[in-house]
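Written out below as structure tokens is the structure these notes cover.
The values are calculated or read from the model by the stated rules, or taken from the named source; none is laboratory data. Source: prediction; values computed, not measured. Cβ sites come from the backbone with ideal geometry, for glycine too, and all protein chains shown count toward neighbours.
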Amino acid sequence: MSDEWTTPGDHAHDPAHDEAPLEIPELQRNVERVLVPVDGSTGSERGLAYADLIARLTGAEIIVVVAFDPPFAIRRRGILQTEHLQVAMESDARELATEAAELLTARGRTARAVIVRGDPAEGILQIAESEHADVIVMGRRGLGRLRGVLLGSVSERVSRHAECPVLLAN
């Protein structure tokens, strides 16, 4: 039997690596923009609190994003969006995003509100990329005033596909 062992993934263990000291790599970035998705849930409020903390420590701008996905009505000849629900959801999203940004501004932070229509995870990722977010801070779970905005699966998809670090607040 060999002195080397393998991990469950059948990757050979490298004993020379055990001798190397632990290192913290230098990051080639500053935190200038924090993206925080909000849906009005307690999880997203915790995300706001951590975004506030990061911005206080770094001076970063906070971009509050509310993603909403309007429902469709199925008709005999195709799918028709229900116009009144779209308008109401967009209005609610704008109001919620503005309210969160104003709360942060009242605490002395630089904050602005953005809303995005469509699949919440895709919308959050799109805004993170277009706004060059340095970190996304979001609740791990959410089910707020805009139903379906931050489900656990949304935070999971965002954390898996984001190009920047993601902090999930419990």
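Points to keep in mind about this one:
- Matching residues in the range 125-158 - criterion: being crowded, with 16+ Cβ neighbours inside 10 Å, small (Gly, Ala, Ser) and at pLDDT below 95: 139, 142, 144, 148, 155
- Applying the condition of being assigned to a loop (DSSP other than H, G, I, E, B) and among the aliphatic types (A, V, I, L, M) to the range 23-34 and asking which residue is surrounded by the most Cβ atoms within 10 Å (Cβ to Cβ) yields 31.
- Residue match in the range 35-43 (condition: part of a helix (DSSP H, G or I), buried (at least 20 other Cβ atoms within 10 Å of the Cβ) and modelled with pLDDT under 95): yes
- Annotation note: Cβ proximity below 8 Å between a residue of the range 149-170 that is within 20 Å of residue 32 (Cα to Cα) and a residue that is modelled with pLDDT under 90 and in a loop (DSSP other than H, G, I, E, B) (sequence gap 6+ or interchain) occurs for 168/140; 169/140.
- If you go through the range 97-124 and keep only what is in contact with a helix residue (DSSP H, G or I) (Cβ under 9 Å, 6 or more places away or on another chain), of a type outside the set (D, E, K, R), modelled with pLDDT of 95 or more and part of a helix (DSSP H, G or I), you end up with 100, 103, 104, 124.
- Any hit, the range 69-81, residues being on the phi > 0 side of the Ramachandran plot, surrounded by fewer than 14 Cβ atoms within 10 Å (Cβ to Cβ) and modelled with pLDDT under 95: yes
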